[in-house]
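Written below as structure tokens is the structure these notes are about.
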Amino acid sequence: MTDFPQPVAGTVVPRFGDVATFMRLPLFRDPAEVEIGIVGVPWDGGTTNRPGARHGPRQMRDLSTMMRRVHHVTRVAPYELARCGDLGDAPVNPASLDDSLERIGKFFTKIHAAGTVPLSAGGDHLITLPIMRGIAPKAGEGGQAPLGMVHFDAHSDTWDTYFGGYKYTHGTPFRRAVEEGLLDPKRTVQIGIRGSLYKRDDNDWAVEQGMRVITIEEYFDLGVDKVIAESRRVVGTGPTYVSFDVDGLDPAYAPGTGTPEIGGYTPHEAQRLLRGLRGLDLVGGDVVEVSPPFDMSGNTALVGVTMMWEILCLLAEAVARRKGRL
Ligand code: MN
Ligand code: MN
């Protein structure tokens with residue numbers, strides 16, 4: 001434990017000083033040096049409306065200097081449980097969607113091959129598709145079931161095509177992930193779905209595949225504790241990914257995002273929902289759709305990176321459990 005990488009404390013170097021890395025951790029370029037790698041994916045080529053999420057990782061690194069070492073409720077200290085570090089950014093090609101999916105996928109395949117668990121900062125939500133291509137258990141890995149997912153979002157992101165049959169946008173990643181056998185729809189729960197539809201049956205595909213879609217109306221009817229219980233029931237004990245789109249939050253708290261929808265949950269509610277996922281077999285996570293140009297105050301990035309901190313504490317416990325440290 002004593003040789004695990006540690007963040008720079010704000011009591012030693014002021015928060016605004018020195019080079020900004022995620023959570024003020026050391027930067028590593030070799031994923032084998034860490035057990036949890038925090039990665040930026042500065043790419044928003046899948047965006048269908050307001051762009052800017054390519055600038056998310058840099059601002060989130062900056063605002064992550066607010067994070068300290070011990071979770072104030074659970075008392076989890078992630079840097080005592082697992083080797084954590086900033087792995088820099090995934091390579092991207094801002095001029096090519098196809099090439100970016102290729103590059104991002106290869107980067108996460110390398111991370112997965114090193115036995116490292118990724119926690120990523122987007123980027124738009126299409127980045128989760130190449131991340132899943134990199135980390136989802138393959139048929140050759142003992143025939144394990146594909147990933148389950150706890151998905152926070154205003155949108156189901158299971159639309160089929162845009163702009164005349166085009167299959168890859170930030171509105172389609174989870175339909176592609178199911179089609180590609182990466183994501184088990186029956187072990188997928190979506191929390192906070194809302195917003196007007198293109199067609200009456202827009203969200204039917206997800207339900208037909210077996211996804212548990214908790215609309216924002218049902219969320220407010222059930223309350224946090226029952227939504228946690230339902231989410232845990234859906235994903236069960238198998239390997240599970242956490243994907244957090246900041247537009248699941250009410251845009252009053254996270255206005256800097258590409259596709260805002262009013263009437264979402266508060267950051268505090270989201271924190272409680274995430275804490276409710278302790279003990280699951282979590283194998284990765286992301287926070288996506290933070291678009292700094294639409295919130296120059298940095299508040300959306302602060303909210304986003306605080307959700308990353310919550311997920312990091314969950315991942316550290318999951319890694320420590322798998323390593324027999326807990
Ligand atoms: Mn999304
Ligand atoms: Mn969304």
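Sub-6 Å Cβ pairs linking a first residue in region 242-271 that is part of a helix (DSSP H, G or I) to a second residue that is near ligand 2 (Cβ under 8 Å from one of its atoms), at least 6 apart or interchain, are VAL246/THR257; VAL246/GLU289; ASP247/ALA154; ASP247/THR257; ASP247/THR259; ASP247/GLU289; GLY248/ASP153; GLY248/ALA154, ordered by first then second residue. Can you find a residue in region 54-67 that is part of a loop (DSSP other than H, G, I, E, B) and touching a helix residue (DSSP H, G or I) at 6+ places or on another chain (Cβ under 9 Å)? The answer is yes, given that some residue of region 54-67 is part of a loop (DSSP other than H, G, I, E, B) and touching a helix residue (DSSP H, G or I) at 6+ places or on another chain (Cβ under 9 Å).
State whether one or more residues within region 105-119 are within 16 Å of ligand 1 (Cβ to nearest atom) and either in contact with a helix residue (DSSP H, G or I) (Cβ under 7 Å, 6 or more places away or on another chain) or among the basic types (Lys, Arg) (or both). No, region 105-119 contains no residue that is within 16 Å of ligand 1 (Cβ to nearest atom) and either in contact with a helix residue (DSSP H, G or I) (Cβ under 7 Å, 6 or more places away or on another chain) or among the basic types (Lys, Arg) (or both). Looking only at region 39-51, decide whether some residue is crowded, with 22+ Cβ neighbours inside 10 Å, at pLDDT 95 or above and hydroxyl-bearing (Ser, Thr, Tyr). There is at least one residue in region 39-51 that is crowded, with 22+ Cβ neighbours inside 10 Å, at pLDDT 95 or above and hydroxyl-bearing (Ser, Thr, Tyr).
Sort out which residues of region 161-173 are out of contact with any strand residue (DSSP E or B) (no Cβ under 6 Å at 6 or more places or on another chain) and either surrounded by 24 or more Cβ atoms within 10 Å (Cβ to Cβ) or within 14 Å of LEU129 (Cα to Cα) (or both), and write them in order of number. Scanning region 161-173 gives LYS167, TYR168, HIS170, GLY171, THR172, PRO173. Only one entry of ALA177, ALA154 meets the criterion of being buried (at least 24 other Cβ atoms within 10 Å of the Cβ), at pLDDT 95 or above and either under 22 Å from ARG50 (Cα atoms) or touching a Phe, Trp or Tyr at 6+ places or on another chain (Cβ under 9 Å) (or both), and that entry is ALA154.
If you go through region 281-316 and keep only what is of a type in the set (Asp, Glu) and either closer than 17 Å to ASP86 by Cβ or over 17 Å from the mean Cα position of the chain (by Cα) (or both), you end up with ASP286, ASP295. Here ILE214 fulfils each of the conditions (1) surrounded by 20 or more Cβ atoms within 10 Å (Cβ to Cβ); (2) assigned to a helix (DSSP H, G or I) apart from (2).
Against the list (1) surrounded by fewer than 16 Cβ atoms within 10 Å (Cβ to Cβ); (2) within 16 Å of ligand 1 (Cβ to nearest atom); (3) assigned to a strand (DSSP E or B), the condition SER196 fails is (3). Count of region 75-100 residues, restricted to those that are surrounded by 15 or more Cβ atoms within 10 Å (Cβ to Cβ) and of a type in the set (Asp, Glu), is 3.
Here region 101-130 is the region considered, the condition is being within 16 Å of ligand 2 (Cβ to nearest atom) and of a type in the set (A, V, I, L, M, F, W, C), and the residue that is surrounded by the fewest Cβ atoms within 10 Å (Cβ to Cβ) is LEU129. List the residue pairs whose Cβ atoms are under 6 Å apart, where the first residue sits in region 112-128 and is closer than 15 Å to THR172 by Cα, the second is of a type in the set (S, T, N, Q) and within 16 Å of ligand 2 (Cβ to nearest atom), and the two are 6 or more positions apart or on different chains. From region 112-128, the pairs are ASP124/THR47; THR128/SER243.
The values are calculated or read from the model by the stated rules, or taken from the named source; none is laboratory data. Bear in mind that the values here come from a model prediction, so they are computed numbers and not experimental data. When we count neighbours, we look across all protein chains shown, and the Cβ atoms used for this are built from the backbone with ideal geometry, even at glycine.
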